[in-house]
Amino acid sequence: MLEKKALMKMDRESQDAKTSYQLLSDINGVIKIHLWMVENKLQSIQAQFTVLDSSMQKLSEKFELQSTILENQMDQNEMWASLLEDRLTSVEVNVLYNYTCKTIHYLRCQVLEKLPDLVGTLPTLSSILRKKGKNQRIRSAWESVLERLGLQEGNVKTLCAFFIAHSYDACYCPVNQRQNYSTDISSVITKVVKNQLLQQSLLSAVCLVENGKAGGVFQDQKALSKK
């Protein structure tokens with residue numbers, strides 16, 4: 001009788017152990033399922049954050065580009081307004097027009113010295129500016145010339161704007177007339193021209209010519225045209 005009771009007790013304990021083990025297995029299974037669901041949810045959230053971060057970065061880059069474009073447009077508007085408002089006398093305009101023309105031609109000649117085989121296809125500075133974006137040789141020569149002269153492309157574009165703005169009323173003054181103003185023209189530019197980029201560009205043109213770098217540009221151009 002005692003053995004039977006002992007066996008029954010052991011059987012119940014075994015059943016309880018099996019039940020407990022099954023319960024633990026079920027709990028572990030539920031935990032694993034929930035962990036898997038949480039992990040998937042976290043991965044989904046991480047993917048959403050990645051997409052959101054990429055979108056924010058693209059939006060930030062777009063705003064920066066728009067800001068740069070707007071800033072450039074404002075600078076250009078200010079520069080053109082300065083061209084129209086600067087109170088230069090007709091003689092001063094002629095003198096600065098002289099410096100500008102010589103500098104523009106000098107820049108072209110310097111590029112052609114590096115690219116003598118392209119003389120016929122680059123008749124003007126405008127053609128160089130237009131084609132350098134698609135031609136690596138022209139772009140490299142152009143950048144090399146600007147770096148050597150200490151100029152930025154903005155300076156060149158500003159001089160071109162001055163040339164365009166005054167080409168209808170300016171005259172190419174004789175060298176002696178220009179030389180009469182050579183000692184005072186820099187102070188005139190500093191006092192009269194309010195736009196910093198235009199002021200810097202005109203002063204650079206005066207410096208190039210007065211230092212002799214652009215003085216013989218037309219003779220250089222004739223020599224190049226004979227090659």
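Every number here is computed from the coordinates shown, using simple stated rules; none is lab data. In this text, all values refer to a predicted model and were calculated from it rather than measured experimentally. Please note: Cβ atoms are built from the backbone with ideal geometry, for glycine as well, and neighbour counts cover all protein chains shown.
Structural remarks
- Were the residues from THR190 through ILE27 laid out at 0.36 nm apart, the gain over their Cα-Cα distance would be 50.2 nm.
- For the range 141-156, the Karplus equation 6.51 cos²θ - 1.76 cosθ + 1.60, evaluated at θ = phi - 60°, returns couplings of 5, 4, 5, 5, 5, 4, 5, 5, 8, x, 10, 10, 4, x, 4, 5 Hz by residue, with Gly and Pro reported as x.
- Annotation: the range 88-226 has a Kirkwood hydrodynamic radius of 15.4 angstrom, from the mean reciprocal C-alpha pair distance.
- Here the range 94-136 is treated as a Stokes sphere of Kirkwood radius computed over C-alpha pairs; at 4 °C and 1.567 mPa s its diffusion coefficient rounds to 118 µm²/s.
- Among the chymotrypsin sites (Phe, Trp or Tyr not before Pro) within the range 126-176, those in coil by DSSP and having at most 16 neighbouring Cβ atoms inside 10 Å are TYR168, TYR172.
- Protection proxy ranking, peptides 91-103, 33-45, average beta carbon neighbours within 10 Å, highest first: 91-103, 33-45
- For the range 88-226, the tally of Lys pairs with Cα-Cα distances below 22 Å comes to 22, considering only residues 8 or more apart or on different chains.
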